[in-house]
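Peer 1: Take this structure, written in structure tokens, and hold onto it; I'll ask about it next.
The values are calculated or read from the model by the stated rules, or taken from the named source; none is laboratory data. In this text, all values refer to a predicted model and were calculated from it rather than measured experimentally. Cβ coordinates were reconstructed from backbone atoms using ideal geometry, including for glycine residues, and neighbour counts include every protein chain displayed. Heads up: the accessible areas ignore ligands, DNA and RNA and are worked out on the full protein's heavy atoms, side chains in. Shrake-Rupley method; radii C 1.70, N 1.55, O 1.52, S 1.80 Å.
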Amino acid sequence: MKQSDIFTKTSNVFPKDEVSTNARLLIKAGYIEKLMAGVYTYLYFGWRVIKKIENIIREEMDQIGGQEIFMPALQPKSLWDQTGRWSDLREIMYQFDDRSDHQIGLATTHEEVITDIIKKHIKSYKDLPKYIYQIQNKYRNEPRAKSGLIRGREFLMKDLYSFHADENDLDNYYEIVKKSYLNIFKRCGLKVFVIEASGGAFTKKFSHEFTVLSPAGEDRVILCSKCDFAQNQEISGEKEGDKCPKCSAPLKFDKGIEVGNIFKLGTRFSKEQKAFFTDLNGELKPIVMASYGIGLGRLMGTIVEIYHDEKGIIWPDEVAPFKYHLLVLGQSEKTLDLAKSVYDTCLKNKVEILYDDRKVHPGQKLNDSDLLGIPNRLVVSDKNDSKIELKKRSEKSVKLYPAREIIKIASS
Ligand code: ATP
Ligand code: MG
């Protein structure tokens, strides 16, 4: 893609009405645009990042047997009344009347809808287990929407639901999803801790949160300095300095961002919504369920919180909007021809490359490149003769290569 063709522009200043690092950088660089508190447009670059994250998640979900569907965001009160959550979630759910005076809610989550669907299709133990997911918008009337993409009021979530004949089968699959989640976050460049947390409105047992340590986080966590013991402070009886209940090493306190959360729902929804199956002995039983969420926008915001410096964003390779950023500095015909030939060859070899062909000052191109944070920068300039500079955004050193060599590296 040629940068001169892209409709968005970088800004010289940070937005005045944003306090979070992720929103400040993403808006300045032209990845997102704010419509109102907690509601953002993904612009061209931002949507490319979301697509990268989405592809990683989709690959990993398909890997563990997930079947992708797409459920509606508009949902009737009558369905939510079956579980009592229409009134339980009144504060966080957008609820309104339609023109026929039917009460409608915008999806905060999809347990009710998926359970209503599944009960029409799963009748026997032979139909179990099943794993169904979607990537879709959720709407929550969040009280504090000041953390940019980390806390949206309209936000993209991947939600997976699993359906089992018994607890044992659920327990096995739950561990498979845990591993899959760890792959997803690793591919996004993030180090996550698996944290015991409350089951929320769903269950008395623990749920598990996948948490990235960051001062920008709203979650308080207690971690062991040695082993994998980790709990959300909300439910933990431990405090900083206490001995770890697992290995006796000292516990420490930190702040974190919850990027994923997995819950064993048990039979709560299936009982209330009458989702039953016949088991091996012909007995009618409620389906055993779990749900597993990841916020795509929150993940993107978290990556920016972790990977940035005073100049801008530093995308990890797999989620970057482009792999290479080619800058042409100087206007001599030789330089322009060289840049054009590198760009054309990269396109032919299907290398994801952004070509800054704009007629602006070299300083601005370099600054914008640092702000955008594409992992590899190529500079073709009048000064370098026919050699090309390669610099990683995450490193200081610059190397010069002949054009042919660069094309080999980029296409590998
Ligand atoms: P929080 O405690 O941060 O409000 P939650 O526990 O209510 O989140 P879940 O219902 O567990 O959220 O949602 C699953 C995932 O969806 C979360 O782990 C997070 O990644 C994402 N998510 C939840 N709320 C938001 C939000 N307001 N904006 C962006 N992503 C969100
Ligand atoms: Mg949660």
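Peer 1: Give me P(r) over the chain, computed from all C-alpha to C-alpha distances, binned every 20 Å, as integer percentages.
Peer 2: 24, 48, 24, 4, 0
Peer 1: Under the rule that an exposed site lies in a DSSP loop and has at most 14 other Cβ atoms within 10 Å, name the longest stretch of the chain with no chymotrypsin sites (Phe, Trp or Tyr not before Pro) of that kind, not counting the sites themselves. Numbers along the way, then the final one.
Peer 2: Values: sites that count: PHE7, PHE70.
It works out to 71-412.
Peer 1: Return one whole number: the accessible area per residue of the chain in Å², for a 1.4 Å probe.
Peer 2: On the way: 19890 Å² over 412 residues.
Computed with neighbouring chains in place, this is 48 Å² per residue.
Peer 1: Within segment 375-412, what residues put their amide N at less than 14 Å from the label point 7 Å along the Cα-to-Cβ vector of LYS334?
Peer 2: Counting only backbone N, you get 381-388, 403.
Peer 1: Ranked from the most accessible area to the least, with a 1.4 Å probe and all protein chains present, what is the order of LEU156, LEU299?
Peer 2: LEU156, LEU299
Peer 1: So which residue, out of PRO76, PRO402, PRO316, gets the largest mean-square fluctuation from a GNM of the chain using Cα contacts under 10 Å as springs?
Peer 2: For the chain, modelled as a Gaussian network with Cα springs under 10 Å, the answer is PRO402.
Peer 1: How large is ³J(HN,Hα), in whole Hz, for each residue of segment 188-194 in order, when computed from phi with the Karplus curve 6.51 cos²θ - 1.76 cosθ + 1.60 and θ = phi - 60°, using x for Gly and Pro?
Peer 2: 7, x, 9, 8, 10, 10, 8
Peer 1: Across segment 24-36, in residue order, what do the Karplus-derived ³J(HN,Hα) couplings come to in whole Hz, using 6.51 cos²θ - 1.76 cosθ + 1.60 with θ = phi - 60° and x for Gly and Pro?
Peer 2: These are the phi-based 3J(HN,Hα) values: 4, 6, 5, 6, 4, 7, x, 7, 9, 9, 8, 9, 7 Hz.
Peer 1: What figure in square angstrom, to the nearest 10, would you give for the accessible area of VAL192 with a 1.4 Å probe?
Peer 2: 30
Peer 1: Amide H of GLY260 versus every other amide H placed in the peptide plane: which residues, excluding those fewer than 5 positions away on the same chain, fall under 5 Å?
Peer 2: Under 5 Å from the amide H of GLY260 lie the amide H atoms of PHE210, each far enough along the sequence or on another chain.
Peer 1: Let me check something: with ligands and nucleic acids excluded, how do ARG48, ARG393, ARG99, ARG404 order by accessible area (1.4 Å probe), largest to smallest?
Peer 2: I get ARG99, ARG404, ARG48, ARG393, largest accessible area first.
Peer 1: Rounded to the nearest 5, what % of the DSSP beta bridges within segment 322-411 are antiparallel ones?
Peer 2: Of those bridges, close to 45 percent are antiparallel.
Peer 1: Within the accessible area of the chain, what % is carbon and sulfur when the probe is 1.4 Å and the other protein chains stay in place?
Peer 2: 51
Peer 1: Now for a separate question. For HIS308, enumerate residues with amide H under 5 Å from its amide H, sequence gap 5+ or separate chain, H modeled in the peptide plane.
Peer 2: Here the answer is ILE314, since their amide H atoms fall under 5 Å of that of HIS308.
Peer 1: What is the distance in Å between the Cα centroid of segment 291-311 and that of segment 345-370?
Peer 2: 25
Peer 1: In whole angstrom, note down how far apart the Cα centers of segment 217-279 and segment 74-112 are.
Peer 2: 28
Peer 1: Here is a further query. Rounded, prolate or oblate, given the Cα gyration tensor of segment 1-129, with a/c below 1.5 counting as rounded? Before the final figure, lay out the partial values.
Peer 2: On the way: a/c = 2.98, a/b = 1.56, b/c = 1.91.
Since a/c reaches 1.5 but b/c is at least a/b, the shape of segment 1-129 is classed as oblate.
Peer 1: Let me see the pair-distance distribution of segment 322-411: every alpha carbon pair, 5 Å bin width, integer percents in order.
Peer 2: Here the calculated profile for segment 322-411 is 3, 15, 29, 28, 20, 5, 0.
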